[in-house]
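K.L.:
First, the structure itself, so that you have it in front of you.
The values are calculated or read from the model by the stated rules, or taken from the named source; none is laboratory data. All values reported here derive from a predicted model rather than from experimental measurement. Methodologically, a virtual Cβ is constructed for each residue, glycine included, from the backbone with ideal geometry; neighbour enumeration extends over all protein chains shown.
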Amino acid sequence: MSFRRLKYVSPLHYEVELTPNLEHAHFEGIVKIDFVLNKENVTQLVLYSSNLVIETNSVHIYSLSSPSTIQWKPTVTLNEKHETVEFSLDHHQTFLLNETYRIEIKFNGQLQTSQLQGFYRTEHPKMEDNNGNVRMKRNYYAITQMSPTHCRRVFPCLDEPSFRTTFDIILHVPQHLLALSNMPILSEKLVENNIKRVQFQRTPVMPTFLLCFIVGQFDVLKADPIELTEFITTTSSNATQDVKETRKIDLCAYTLPGKADDALFALKCARRALYYFSNLFELNYPLPKLDLITVPGLYYPAMENWGLVTFKEEELLLCEKRSNDIQYRNVCQSVTHEIAHQWFGNLVSINWWNDVYVIEGFAKWFEYLATDHCLPEVNVFSEFFYTQYIRYFEYRLNTLHIEPEDIDEKTFSFEGFIYSKGSCLMRMIHLFIGDKAFLTATRYYLKKFQYSTATANDFWLCIEEITHLPIRKIIQTWCTKQSYPVVSVNMISYDESTGSCDIELKQVSYCQGHHQKQITCVCEQTTSTDILKDTICSCHIRKNVNYSCRRLNRSKSDSSISVLSDQLIVSDGTNVSSSSSSSSSNIHPNSTAMKCASISNGLPRRKTVSNDQHFLNFEHNLDGDLSHNNSNCWVIPITILCYDENSNPSTVEKFLMDKQRLVIHLKTAHFKVNATCSGTYRVLYQDNVLNNNLREAIKTNKINEYDRFNVENDLHSLVMGGFSSLVDYLRLLFCYIHENDEETVWKDIESNIIRIATMLEYDQSLIEYYRKYIVDVHKTLYYKLGWTAVSGESTSRARLRSFVLIILGNIGYDEEVISEARRRFQSYVNDSNEPIWWPICAIIAHHASQSDFISLIKMYIQRDKQDDRLRCLFGLSYVQNPHFIQRTLDLISFAQIRLHERIEAYKGFCLSKVGRDYYCRYIEENWQSFRSNYNDEYLEAIIRETFGYFSTTSEANRIEDFFQQYEQFHEKYNISTIATTTTTTTNNHNRNINMLTLSPSSTTTDLSDYPDDLTSYTTTTPPQLMVPPKLKEVASIIAHTARSRASVLKRDHYHLLKFFQNEYPKLRAQYCTINIEPFLETPPEVDLAHETNGAEIYTLLNETSNDRKRKISTTESTTTMPSARKFIRLSTTNE
């Protein structure tokens, strides 16, 4: 049902005429709104308006339906609190039902200079040479950011998302400036005083949050027009026929002056994406043009304004000589995400903000599909797993569904969890129902609701009509429940004669509840090996003899999923297929493409077979009724990969689990639950499943890299949740010793190994054992990778080499690695022109002497290239000496780096106990500066990314005290705060760096002493709330994580000690002495610093960010032209 704040009125058309004065940050305007009211006896019109001055004497209302031209002059009343303006008629005047009226309003306002919303002004400095006199000139830009509800800051309007209407935009701008909007220019003429009047073509019906216009100086890069084929229905006197026509779409990229060439790759991606989505959705891009534009100052990384997509520079531009495959992949993802929105979000838009997870989740998921289409040689799905998939579980307490009444549209923001959870939910449904069914439902939805609004329920209903599956019941549990399910897998019988088996699945919530001070999880209630027994608590599983099994009859189209690339391909390359029944290629919403089957009466019949083994035989029917659902359960789409030990083609079995217990009969005992991580739930394998076949499948690569990743990632999470022992995880890692150099698997292993190390260093009796364990697990991979790149190797392999060296040098303390790092570091000291490789700096910093530290500081100061300085800075963050830590923290505060680079630099301190302690105190002392200079999103990102490595109850209490009770914290802990003003010059910056180098001690300094890309646009006045409410929630989760880690360490201490002393030597002898190739002392000489830029390093812990749209990689390289750069051309060829 539609949810609207302003009822009884519907806008029909806007004519907006604006005159911005960029020099004085001011604008004037006239808006004409055609509207109709659907209620009788209305005497008042209410519009939204914020920070606008309305000329009350100029307001007129008149009817467009009546032949008379009588004008009404209403009384104008502003309500600043509710951001509304009321236009009241005289007592004898009233609006007529369903009659069309027009209101004309003159107004003026300020171009915002401190906030990137509404109509705002930014600047970009430019050097000018006037007869040898070089001076800095400020180029001003006027930009709009309407989403979510900032259109009311530009002109009075009805800016609720449920209102779609047409717009005529007219801008009066200086003659030398370029004016752009959603549609092409209709007319342009000079009016007076070098001012030109630019009128744009009328837009299609669209919501206000997609409206955009921009004024400034830009360079343009044009591609050949996109040519799309359309069939136009024509009617003659005799018959109706479809005529084939070709429609051209203009595609351009606009950049700041001098940077147009850097937009070439993004333009290529956009070209291919437009063809891809037009063909995929069987619906052509609807507008006559698509512009991609970078602007100086943008609140979001990018914004999908219809026909005029705005980007931050790092999201769109690439330097051909300095970029590698990762940067190309990130730009491609950024572009394809916004272009996916042109259909899903623009052509069909949301009805209210509570459904934003659907459009953002869809665009995020299809961003990966389109990037895989554009860049097939880049494993983009690997990035999906270690960002979106892992992040889904981190946001376990954030629910996707929010009641409309609970949303304050004035403060609504696009939070990070919307993208991660939304995309994973989309992917789960996509893989479960199959590619053909999902795309058919998507096309049906887009065509049904094009040029209108729709709810999330509308989308899920379309899928339900296509598949005849209870999609809305599935979605309801995943969108409204906190936490996520854990599915326990136990083999309850095995038939030796046939090789078949019966498995029992049980589900329970990973986290049972959350209330600020404590999150009660299973780990704090039991250490039993069977956590699903009745003895836990009344909220947990109750034994139920009534099993429920729902098996799906899948169509043949599921057996080959072209759009999902290799996500359902087993390790030998064979397509994963299912037992299928024929299905028409064109599925009508009322046809039956897929049915549910359940056990008769829900009861299995048991038969006795040889060797006293038992198996379950089910009587299937086609009853799709879910009347026996337990309201406490998730409806889980279960996918089971059944592989063959003889390398026969694998199959995927699919079920709906809507009960707390489910028994399934499989034809093989070789299986893996949650095929290719398709579902967002954890799988807990009992020993009889994990030990019998699954470990061997991992060692021999019988299951693909995504499934190998899934088993390892699930077990680590379950260990931290108290479902399993840390010993089980350490045992499992031996199965990965000879794992291929797949970044998907190894990157997660490295991240988890670091987290375990930061936990075990609190126990001196365990940490030394663990260091030896780390070396043994990684030495095989280390010998494969070596220190030097092989010509032509992938960027992912180069990144993996960096991870392994950091693990061995800074956590394993491997003498061989440390010694080689020192030898290579000396060459940096001797030759200032040799490019720096960041892992070497990190290892040296971690084990630094006084002279080592001074050498690193001098290297940072004296290097001319920013890339080398950045690599050196990231390496410095791994220092261990308390005196060096304090100096490095000050150095980072002065560094001229971007926000996400600053976050990643701070992560290095968090890898050691002493570094975490100093870093935590640094945040406490400088919080006023952080709060004054950075927005809530950045603060949440920095705390989420850097505070997750504490492992004691006292640290958890301190974190909660600081963020929950900030006002009392400093007095309680006797902490002095530092708050300084923001004054920065380049000379002052250099002076302070030299001071850090030469002085024997240094004091904590203010982050704002060197501003970056946000400080210029944020107020320096401390806000009233020193700790934002969302940050309090994050801190509560972090504190709970610290307590959980402390609980795990306390619980598993004895078992770990026993493992290291008794079991580990045997495993080491079994796994670590085979297939180890000798280390090459003189491998092929390829420049290490050119192999990967140092900046990819800080993805070591977690390649995540809290940016609204996506992670921004800062990896830079000077490698030869990567393959990603060669894949497309700007031509008229239909892609």
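K.L.:
Let me confirm something: among 801, 797, 823, which residue is touching a Gly at 6+ places or on another chain (Cβ under 9 Å) and more than 15 Å from residue 872 (Cβ to Cβ)? Before you say what the answer is, go through the steps one by one.
P.N.:
Numbers: 797 fails: touching a Gly at 6+ places or on another chain (Cβ under 9 Å); 823 fails: touching a Gly at 6+ places or on another chain (Cβ under 9 Å).
It is 801.
K.L.:
Can I ask one more? Does at least one position in the range 214-230 carry a residue that is within 28 Å of residue 45 (Cα to Cα) and either basic (Lys, Arg) or not in a strand (DSSP E or B) (or both)? Show your work before the answer.
P.N.:
Kept after step one, since they are within 28 Å of residue 45 (Cα to Cα), are these residues of the range 214-230: none.
No: the range 214-230 contains no residue that is within 28 Å of residue 45 (Cα to Cα) and either basic (Lys, Arg) or not in a strand (DSSP E or B) (or both).
K.L.:
What number goes with the only condition from (1) farther than 29 Å from residue 769 by Cβ; (2) surrounded by fewer than 23 Cβ atoms within 10 Å (Cβ to Cβ) that residue 837 does not pass?
P.N.:
(2)
K.L.:
Moving on. List the residue pairs whose Cβ atoms are under 6 Å apart, where the first residue sits in the range 885-897 and is closer than 14 Å to residue 845 by Cβ, the second is hydrophobic (A, V, I, L, M, F, W, C) and at pLDDT 90 or above, and the two are 6 or more positions apart or on different chains.
P.N.:
Qualifying pairs under 6 Å: 885/879; 888/876; 888/879.
K.L.:
Filter the range 177-194 down to residues that are among the small types (Gly, Ala, Ser) and within 35 Å of the chain's Cα centre (by Cα) and give me whichever is surrounded by the fewest Cβ atoms within 10 Å (Cβ to Cβ). First the steps, then the outcome.
P.N.:
Going residue by residue through the range 177-194, those that are among the small types (Gly, Ala, Ser) are 179, 181, 187.
So of that shortlist, the ones also within 35 Å of the chain's Cα centre (by Cα) come out as 179, 181.
Details: 179: 23, 181: 26.
Only one residue fits best here, namely 179.
K.L.:
Does residue 772 count as in contact with a helix residue (DSSP H, G or I) (Cβ under 6 Å, 6 or more places away or on another chain) and among the basic types (Lys, Arg)?
P.N.:
Values: in contact with a helix residue (DSSP H, G or I) (Cβ under 6 Å, 6 or more places away or on another chain): no; among the basic types (Lys, Arg): yes.
Spelling it out, it is not the case that residue 772 is in contact with a helix residue (DSSP H, G or I) (Cβ under 6 Å, 6 or more places away or on another chain) and among the basic types (Lys, Arg).
K.L.:
A further question on this structure: Only one of 704, 710, 692 is out of contact with any helix residue (DSSP H, G or I) (no Cβ under 8 Å at 6 or more places or on another chain) and of a type outside the set (Gly, Ala, Ser). Can you tell me which? Before you say what the answer is, go through the steps one by one.
P.N.:
On the way: 704 fails: out of contact with any helix residue (DSSP H, G or I) (no Cβ under 8 Å at 6 or more places or on another chain); 710 fails: out of contact with any helix residue (DSSP H, G or I) (no Cβ under 8 Å at 6 or more places or on another chain).
When all the criteria are applied, what remains is 692.
K.L.:
Give the residue, chosen from 903, 818, that is surrounded by fewer than 23 Cβ atoms within 10 Å (Cβ to Cβ), in contact with a Gly (Cβ under 7 Å, 6 or more places away or on another chain) and in the same structural domain as residue 941 (by TED's automatic domain parsing). Before the answer, list the steps.
P.N.:
Values: 903 fails: in contact with a Gly (Cβ under 7 Å, 6 or more places away or on another chain).
After applying the criteria, what remains is 818.
K.L.:
Within the range 310-334, count every residue that is surrounded by fewer than 24 Cβ atoms within 10 Å (Cβ to Cβ) and closer than 15 Å to residue 345 by Cβ.
P.N.:
So the answer is 0.
K.L.:
So, of the residues in the range 18-63 that are surrounded by fewer than 14 Cβ atoms within 10 Å (Cβ to Cβ) and over 43 Å from the mean Cα position of the chain (by Cα), which turns out to be nearest to residue 110 (Cα to Cα)?
P.N.:
So in the range 18-63, the residues surrounded by fewer than 14 Cβ atoms within 10 Å (Cβ to Cβ) come out as 23-24, 38-41, 53, 55, 57-58.
Still in the running and over 43 Å from the mean Cα position of the chain (by Cα): 39-41, 55, 57-58.
On the way: 39: 35, 40: 37, 41: 36, 55: 15, 57: 20, 58: 19 Å.
My answer is 55.
K.L.:
For residue 300, which of the numbered conditions (1) surrounded by fewer than 21 Cβ atoms within 10 Å (Cβ to Cβ); (2) more than 30 Å from residue 898 (Cα to Cα); (3) hydroxyl-bearing (Ser, Thr, Tyr) fails to hold?
P.N.:
(2)
K.L.:
A further question follows. So, in the range 1-17, of the ones that are of a type in the set (D, E, K, R) and not in a strand (DSSP E or B), which residue ends up surrounded by the most Cβ atoms within 10 Å (Cβ to Cβ)?
P.N.:
First, the residues of the range 1-17 that are of a type in the set (D, E, K, R): 4-5, 7, 15, 17.
With the extra rule that they be not in a strand (DSSP E or B), the set shrinks to 4-5, 7.
Values: 4: 17, 5: 15, 7: 11.
Across the range 1-17, the extreme among qualifying residues is 4.
K.L.:
Residue 174 - would you say it is more than 24 Å from residue 351 (Cα to Cα) and over 37 Å from the mean Cα position of the chain (by Cα)? Steps first, please.
P.N.:
Numbers: more than 24 Å from residue 351 (Cα to Cα): yes; over 37 Å from the mean Cα position of the chain (by Cα): yes.
When the stated conditions are applied, residue 174 passes them.
K.L.:
Moving to a separate point now. Can you tell me which of (1) in contact (Cβ under 8 Å) with a residue 24 or more places away in the chain; (2) surrounded by 16 or more Cβ atoms within 10 Å (Cβ to Cβ) is the one residue 72 doesn't meet?
P.N.:
Failed condition: (1).
K.L.:
Before we move on, is residue 552 of a type outside the set (D, E, K, R), at pLDDT 85 or above, under 30 Å from residue 381 (Cα atoms) and over 24 Å from the mean Cα position of the chain (by Cα)? It would help to see each step written out before you state the result.
P.N.:
Numbers: of a type outside the set (D, E, K, R): yes; at pLDDT 85 or above: no; under 30 Å from residue 381 (Cα atoms): yes; over 24 Å from the mean Cα position of the chain (by Cα): yes.
No, not satisfied.
K.L.:
Additional query: Would you say residue 285 is hydroxyl-bearing (Ser, Thr, Tyr), without any contact (Cβ under 8 Å) to a residue 60 or more places away in the chain and either surrounded by 22 or more Cβ atoms within 10 Å (Cβ to Cβ) or under 19 Å from residue 372 (Cβ atoms) (or both)? Full working, then the answer.
P.N.:
Working: hydroxyl-bearing (Ser, Thr, Tyr): yes; without any contact (Cβ under 8 Å) to a residue 60 or more places away in the chain: yes; either surrounded by 22 or more Cβ atoms within 10 Å (Cβ to Cβ) or under 19 Å from residue 372 (Cβ atoms) (or both): yes.
Yes: the conditions hold for residue 285.
K.L.:
Are there any strands (runs of 3 or more DSSP E) wholly within the range 274-384 with 2 or more residues that are over 19 Å from residue 208 (Cα atoms), small (Gly, Ala, Ser) and in the same structural domain as residue 121 (by TED's automatic domain parsing), and if so which?
P.N.:
On the way: elements: 289-294, 308-311, 348-350.
It comes to none.
K.L.:
Moving to a separate point now. So, residue 245, is that one within 17 Å of residue 290 (Cβ to Cβ) and modelled with pLDDT under 95 or not?
P.N.:
Details: within 17 Å of residue 290 (Cβ to Cβ): no; modelled with pLDDT under 95: yes.
Considered against the rule, which asks whether it is within 17 Å of residue 290 (Cβ to Cβ) and modelled with pLDDT under 95, residue 245 comes out as no.
K.L.:
For the range 199-222, which residues satisfy the criterion of being touching a residue at least 60 places away in the same chain (Cβ under 8 Å) and in contact with a Cys (Cβ under 7 Å, 6 or more places away or on another chain)? Write out each step before concluding.
P.N.:
Initially, the range 199-222 is screened for residues touching a residue at least 60 places away in the same chain (Cβ under 8 Å), giving 201, 203-218.
If the condition is that a residue be touching a residue at least 60 places away in the same chain (Cβ under 8 Å) and in contact with a Cys (Cβ under 7 Å, 6 or more places away or on another chain), then 208, 209, 211 are the ones that fit.
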